[in-house]
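S.K.: Below you'll find the structure I mean.
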Amino acid sequence: MIIQSGKVVQLGYVLKDSDGEILDESDAQRPFAYLHGAHQIVPGLENALEGLKPGDKKNVTVEPKEGYGELDPKLKLVVKRRQFDASVQLEPGMQFEGDHGMVFVIEKLEGENVHIDGNHPLAGETLHFAVEVLQIRDATEEEKTHGHSHGPGGAHDHEH
Ligand code: ZN
């Protein structure tokens, strides 16, 4: 079986940024699973995995436009302290969900001004993946309908 649309793929991987710092990893004990062709993972990685088979290893470099996007300066905003719940102690690094489900992070506080950044934390990063294909299986009809993988064997393990 090879990786193609409609297959659930289990991966071991190490993700590093351009400085060689490990951002994320997964291995045979805690494999990462996804539904191929459902855009569950960044396009640059999904495209590079197409056609691989179990046991295959591959190093994949993903540019920002094929990863989490370029940094968008328009998503860096300055808002007022009073726009937040007064009972919340604001601190740099805190995450909030804004309108339309957009997630942003507080960058810094400056008097009444709150600097926020709505870019994905990995926007603008070139991603370096070292990937090993552990297992491939057919997706269940339910997984295809949902557009994502479920637990081992396709068991439904989450709420919708
Ligand atoms: Zn589901």
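S.K.: Which loop GluC sites (Glu not before Pro) in the range 1-51, with loop taken from DSSP, have no more than 11 other Cβ atoms within 10 angstrom of their Cβ? Write down the numbers at each step before the final one.
M.R.: Working: sites: E21, E25, E46, E50; in loops: E21, E50.
Passing sites in the range 1-51 are E21.
S.K.: So what is the orientation-averaged projected area of the range 1-62, using the convex hull of its C-alpha atoms, in nm²? If you can, show how the numbers build up before the last one.
M.R.: On the way: hull surface 16.8 nm².
With the hull built on Cα positions only, its mean projection is 4.2 nm².
S.K.: Label F84 and A130 with points 7 Å out from Cα along Cα→Cβ: what is the distance between them in nm?
M.R.: Modelled inter-label distance: 3.9 nm.
S.K.: On to the next question. Evaluate the charge dipole of the chain about its Cα centre and quote only its size in Debye, nearest 20, assuming +1 on the Cβ of each Lys and Arg and -1 on the Cβ of each Asp and Glu. Walk me through the numbers before you get to the answer.
M.R.: Details: 15 positive and 29 negative charges, 32 e Å.
For this selection, approximately 160 debye.
S.K.: How many angstrom lie between the C-alpha centres of the range 35-50 and the range 125-140?
M.R.: 8 Å
S.K.: In the chain, what is the volume of the convex hull around the alpha carbon atoms, normalised per residue and reported in Å³?
M.R.: Details: hull volume 23.8 nm³, N = 160.
Convex hull volume per residue, Cα atoms: 149 Å³.
S.K.: Among F96, F32, G111, which residue has its Cα positioned farthest towards the positive end of the charge dipole of the chain, with +1 placed on the Cβ of Lys and Arg, -1 on the Cβ of Asp and Glu, and the dipole taken about the Cα centre?
M.R.: Farthest along the dipole direction, towards plus: F32.
S.K.: Based on other C-beta atoms within 10 Å, arrange D138, D85 from fewest to most. Mind showing how you got there, number by number?
M.R.: Values: D138 12, D85 8.
Ordered from fewest to most neighbouring Cβ atoms within 10 Å, D138, D85 come out as D85, D138.
S.K.: Now for a different question. State the extension gain, in nm to one decimal, for the chain segment bounded by H120 and D17, taking 0.36 nm per residue of separation less the distance between their alpha-carbons. It would help to have the intermediate numbers written out before the result.
M.R.: Values: separation 103, 0.36 × 103 = 37.08 nm, distance 1.44 nm.
Extra length from H120 to D17 when fully extended: 35.6 nm.
S.K.: Kindly state, to the nearest 0.05, the FRET efficiency for Q29 paired with E112, given R0 = 41 Å and r defined as their beta-carbon distance.
M.R.: Values: r = 49 Å, r/R0 = 1.19.
The pair Q29/E112 has a calculated efficiency of 0.25.
S.K.: Which of the lysines could a cross-linker span from K144 if the Cα-Cα distance has to be under 22 Å and same-chain partners fewer than 8 positions apart are dropped?
M.R.: Once the sequence-local lysines are set aside, what remains near K144 is K7, K53.
Computed from the coordinates by the stated procedures, all read-outs in this text should not be read as laboratory data. Worth saying up front: this structure is predicted, and the values here are computed from it rather than measured. We place every Cβ from the backbone using ideal geometry, glycine too, and count neighbours over all the protein chains shown.
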